[in-house]
1. With respect to residue 111, determine if the residue is among the hydroxyl-bearing types (Ser, Thr, Tyr), surrounded by fewer than 12 Cβ atoms within 10 Å (Cβ to Cβ) and out of contact with any Cys (no Cβ under 6 Å at 6 or more places or on another chain).
2. Within region 156-193, can you find the residues that are assigned to a helix (DSSP H, G or I) and either at positive phi or modelled with pLDDT under 95 (or both)?
3. Restricting attention to region 108-137, report how many residues are in a loop (DSSP other than H, G, I, E, B), farther than 25 Å from residue 89 by Cα and not aromatic (Phe, Trp, Tyr).
4. Is it the case, given these coordinates, that residue 185 is more than 11 Å from the chain's Cα centre (by Cα), touching a residue at least 24 places away in the same chain (Cβ under 8 Å) and over 16 Å from residue 94 (Cα atoms)?
5. Does residue 222 satisfy the criteria of being hydroxyl-bearing (Ser, Thr, Tyr) and within 17 Å of residue 36 (Cα to Cα)?
6. I'm trying to understand the selection: among the residues of region 15-46, which are out of contact with any strand residue (DSSP E or B) (no Cβ under 7 Å at 6 or more places or on another chain) and assigned to a helix (DSSP H, G or I)?
7. Could you list, in sequence order, the residues of region 179-224 that are polar (S, T, N, Q) and either over 26 Å from residue 144 (Cβ atoms) or open to solvent by 10 Å² or more (accessible area, probe 1.4 Å) (or both)?
8. So is residue 100 assigned to a helix (DSSP H, G or I) and either more than 18 Å from residue 154 (Cβ to Cβ) or open to solvent by 50 Å² or more (accessible area, probe 1.4 Å) (or both) or not?
Amino acid sequence: MKITVNPKYRSFYYRGVEEYPDLALDPKTTALLLVDLQKEFADDEVGEALDFKKDGSWDDWSYFRNRLRETTIPNAKRLLDYFREHGLRVTFGRIACQSPDGEDREAVQKSAGWNGIFIHKDSLEAEMVNDLLPRPEEIVFDKTTDSVTTGTNALRVLRNLGIRTVVVGGIVTDQCVAGTVRGLADDGFQVICVEDACAAGAEDLHEAELKIMNLIYCQVHSTDDTLALLEEARKK
């Protein structure tokens, strides 16, 4: 199946590339990885949403919040449903520290500013949003870093499971998703980043990061095209 590269996500380095190269895609060796779609960040009634409403910055986040509700979470759910329906591997990454005092966090999450995050693993805020709750048999990688691959044993576990291709969605595109995609690619995995199952705080950040990563670290596809690729490979 040939898919045309969306010019929106084609960088200077690949300006002459019109179609994606074929992926050696086998659903049996493909895993879904949903990143940080947690109540802290993606639920309008939990976590930082409450802070935004309290400090008056809620309207500043209207793009992000609308995209989560209308696009990102519904498409992540479509991917999740497909992987589960066909018995394919499902994994999650989330920001969650182990120690009640948060002292096990990496330095960046102990610092002030945007990346200063304290979410204990047993808290409501650490849970994935209700539409994307993991099943008992699905693996959840807890991290106190941006990248799922840096702060966990995810790479080793995926290799132990025989995974060769990882389908990635989540938040935010230009931070934890990007770090995860790069880590997977650098370790030799094929990566599909599903653009409409991701979100960033602003549209320009989302699109710029996908343009940077596309064709170098991953193939950037829509949910529709990702599912079509999987279905074509499944029927071979």
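The values are calculated or read from the model by the stated rules, or taken from the named source; none is laboratory data. These numbers were taken from a predicted model, which means no experiment stands behind them. When we count neighbours, we look across all protein chains shown, and the Cβ atoms used for this are built from the backbone with ideal geometry, even at glycine. Heavy atoms of the whole protein, side chains included, go into the accessibility calculation; ligands, DNA and RNA do not. Shrake-Rupley method; radii C 1.70, N 1.55, O 1.52, S 1.80 Å.
1. Values: among the hydroxyl-bearing types (Ser, Thr, Tyr): yes; surrounded by fewer than 12 Cβ atoms within 10 Å (Cβ to Cβ): no; out of contact with any Cys (no Cβ under 6 Å at 6 or more places or on another chain): yes.
So residue 111 does not fit the description; no.
2. First pass over region 156-193, keeping only residues assigned to a helix (DSSP H, G or I): 156-160, 173-186.
Scanning region 156-193 gives no hits.
3. The first filter runs over region 108-137 and keeps only residues in a loop (DSSP other than H, G, I, E, B), leaving 111-119, 121-123, 127, 129, 133-137.
Then drop every residue that is not farther than 25 Å from residue 89 by Cα, which leaves 111-119, 123.
From the residues that got through so far, the ones that are not aromatic (Phe, Trp, Tyr) too are 111-113, 115-117, 119, 123.
Residues in region 108-137 being in a loop (DSSP other than H, G, I, E, B), farther than 25 Å from residue 89 by Cα and not aromatic (Phe, Trp, Tyr): 8 in total.
4. Details: more than 11 Å from the chain's Cα centre (by Cα): yes; touching a residue at least 24 places away in the same chain (Cβ under 8 Å): yes; over 16 Å from residue 94 (Cα atoms): yes.
Yes; evaluated as a whole, the condition is true for this residue.
5. Working: hydroxyl-bearing (Ser, Thr, Tyr): yes; within 17 Å of residue 36 (Cα to Cα): no.
So residue 222 fails the test.
6. 27, 28, 39, 40 - these are the residues of region 15-46 that are out of contact with any strand residue (DSSP E or B) (no Cβ under 7 Å at 6 or more places or on another chain) and assigned to a helix (DSSP H, G or I).
7. Within region 179-224, 190, 214, 219, 222, 223 meet the criteria.
8. Working: assigned to a helix (DSSP H, G or I): no; either more than 18 Å from residue 154 (Cβ to Cβ) or open to solvent by 50 Å² or more (accessible area, probe 1.4 Å) (or both): yes.
When the stated conditions are applied, residue 100 does not pass them.
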